1. Determine if the range 134-146 includes at least one residue that is more than 23 Å from residue 38 (Cβ to Cβ), in a strand (DSSP E or B) and hydroxyl-bearing (Ser, Thr, Tyr).
2. Looking only at residues that are among the charged types (D, E, K, R) and surrounded by 14 or more Cβ atoms within 10 Å (Cβ to Cβ) in the range 117-150, which one is nearest to residue 190 (Cα to Cα)?
3. Considering only the range 41-72, state which residues are under 24 Å from the mean Cα position of the chain (by Cα), among the charged types (D, E, K, R) and in a strand (DSSP E or B).
4. Of all residues in the range 128-161, which are small (Gly, Ala, Ser) and closer than 15 Å to residue 61 by Cα?
5. Report, by residue number, each residue of the range 185-197 that is out of contact with any Ser or Thr (no Cβ under 7 Å at 6 or more places or on another chain) and at pLDDT 95 or above.
6. Determine, yes or no, whether residue 44 is in contact with a Ser or Thr (Cβ under 9 Å, 6 or more places away or on another chain) and assigned by TED's automatic domain parsing to the domain that holds residue 122.
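The values are calculated or read from the model by the stated rules, or taken from the named source; none is laboratory data. Values in this document were obtained by computation on a predicted structure and should not be read as measured data. Note that each Cβ is placed from the backbone with ideal geometry, even for glycine, and that neighbours are counted across all protein chains shown.
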Amino acid sequence: MKMLAGAVVALTSASAVMAGNVEEQSFDFAFPLSPGSVQMVFDQFDDMGGTRVLKEVSLSVDAILSADATAENDSTLAAPLFELQFNGSMQYDLLSLGGADLGNDSFGAALAPTDGTSGSGADFNDFGMVSLALSDNDSTMSGLAGFIGGGMIFGNLDALGGFSFSGTTDASLGFDNFGIVGKATLTYVYNVVPAPGAAALFGLAGLTATRRRR
């Protein structure tokens, strides 16, 4: 009776799902703004004939909006506290996963009264490249059927950005190379179920060990 119990315990242990497995894939993107969009493409999860069980899916998106920016004071009054404000947002969706993020940042400069000449002088400032980081993630443990198969998954990612100013009544803003770059990472968390043959071998090993102990 003890031998039989030992064999059943060993077989149950071998048939148990082995957890903690992670599979990741990434999609790099870059496109001009504003606005702009891109179609994300990922591989579906391969369950390998049912030996891998998908438990959770998550998607994280990290991006940087950037532009080469300049500003010029067009007012006859000085602007010692001139501020360039950068605002941006992104939104994404992939089957049941989706999210959005928005952010803003500001860049200061001291501008003299207009000198009447554009693109130079103390009333003009070249900020160089200004950037804004955006990030978001989403996960689900339900509705996973669409993620499983041997094909592809498609999703959308949209972004936009804009600039404004404060500290003067009139200014001219200039931008070049305005765009977004980033990476979307899709993560599959799954369990592995040993094949029946492996389970039987583990059960036999457990039975043998029980006999030896007797």
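1. Taking the range 134-146 and keeping what is more than 23 Å from residue 38 (Cβ to Cβ), we get 141-145.
When the remaining residues are screened for being in a strand (DSSP E or B), the result is none.
For the range 134-146, residues more than 23 Å from residue 38 (Cβ to Cβ), in a strand (DSSP E or B) and hydroxyl-bearing (Ser, Thr, Tyr): absent.
2. 138
3. Correct list: 43, 55, 56, 62.
4. Result: 133, 135, 139, 155, 159.
5. Once the filter is applied, which keeps residues that are out of contact with any Ser or Thr (no Cβ under 7 Å at 6 or more places or on another chain) and at pLDDT 95 or above, the range 185-197 yields 186, 188, 189, 190, 191.
6. For residue 44, the condition - in contact with a Ser or Thr (Cβ under 9 Å, 6 or more places away or on another chain) and assigned by TED's automatic domain parsing to the domain that holds residue 122 - is not met.
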